[in-house]
1. Contact list please: Cβ distance under 6 Å, first residue in segment 42-60 and touching a residue at least 40 places away in the same chain (Cβ under 8 Å), second residue of a type in the set (A, V, I, L, M) and in a helix (DSSP H, G or I), pairs at least six apart or on different chains.
2. State all residues of segment 83-98 that are touching a Lys or Arg at 6+ places or on another chain (Cβ under 7 Å) and crowded, with 19+ Cβ neighbours inside 10 Å; if no residue qualifies, say none.
3. Select from segment 47-78 the residues that are assigned to a helix (DSSP H, G or I) and of a type in the set (D, E, K, R) and list them in ascending order.
4. Condition first: surrounded by fewer than 16 Cβ atoms within 10 Å (Cβ to Cβ) and closer than 14 Å to residue 61 by Cα. Now tell me which residues in segment 99-130 satisfy that.
5. If you scan segment 7-62, which residues turn out to be β-branched (Val, Ile, Thr), surrounded by fewer than 15 Cβ atoms within 10 Å (Cβ to Cβ) and modelled with pLDDT of 95 or more?
6. For a quick check of your reading of the model, give me the residue pairs whose first member lies in segment 68-81 and is in contact (Cβ under 8 Å) with a residue 24 or more places away in the chain and farther than 18 Å from residue 99 by Cα, whose second is among the aromatic types (Phe, Trp, Tyr) and crowded, with 17+ Cβ neighbours inside 10 Å, with beta-carbon atoms closer than 8 Å and at least 6 apart or on different chains.
7. Within segment 107-121, is there a residue that is assigned to a helix (DSSP H, G or I) and closer than 22 Å to residue 6 by Cα?
8. Please specify each residue of segment 106-124 satisfying the condition of being touching a helix residue (DSSP H, G or I) at 6+ places or on another chain (Cβ under 9 Å), within 30 Å of residue 72 (Cβ to Cβ) and not acidic (Asp, Glu).
Amino acid sequence: MRGLGELVCLVHCIDPRIQEAVEWLRRASGIRYGRRASGIRYGSFDRVSIAGGGGFFDRFERELDIAVKSHRVTRIVLTGHEDCLAGATPELVLGCADAVESRYAERVRAEAVWLRLDGSRETLERKPKRSA
């Protein structure tokens, strides 16, 4: 998988109401479907679609382990959305972003995005970590 540039993992909810917003986010974030390396076409991202999206680390932990360790993902985009029937909230998505960066230390950076049913979205800002 060398020579493919940055590889990304996009984590989102299975809810059909937000799939268009997820696709917009993918394009707007520069996440592309395919690249060529050594004559083989590869994707540039892993997709994890699961109830609750990026709000429940224990639900997508195994997939992230594979993405980071085997696929060498360096950027993880976690999403949640309003009226999530699985219970995701902005606070849970932010907590998962912190858990991801803590687990994988300097190997990845995590981003948290909240999607609304009207198609709008916002990047969730994490509070700076306090030094001891």
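The values are calculated or read from the model by the stated rules, or taken from the named source; none is laboratory data. These figures come from a predicted structure and were not determined experimentally. As a convention, Cβ positions derive from the backbone with ideal geometry for all residues, glycine included, and neighbour counts pool all protein chains shown.
1. 54/93; 55/92; 55/93; 57/99
2. 94, 97
3. Here is the first cut: in segment 47-78, the residues assigned to a helix (DSSP H, G or I) are 53-55, 57-69.
Within segment 47-78, 58, 59, 61, 62, 63, 65, 69 qualify.
4. Within segment 99-130, 102, 103 qualify.
5. Within segment 7-62, the first condition is being β-branched (Val, Ile, Thr), and the residues that meet it are 8, 11, 14, 18, 22, 31, 40, 48, 50.
Narrowing the set further to residues that are surrounded by fewer than 15 Cβ atoms within 10 Å (Cβ to Cβ) leaves 14, 40.
Within segment 7-62, 14 is the sole residue that qualifies.
6. Close Cβ pairs satisfying both conditions: 81/114.
7. If we filter segment 107-121 for residues that are assigned to a helix (DSSP H, G or I), which is where we start, we get 107.
Within this subset, residues satisfying the condition of being closer than 22 Å to residue 6 by Cα are 107.
Scanning segment 107-121, I find at least one residue that is assigned to a helix (DSSP H, G or I) and closer than 22 Å to residue 6 by Cα, so the answer is yes.
8. Scanning segment 106-124 gives 107, 108, 109, 110, 112, 113, 114, 115, 121, 124.
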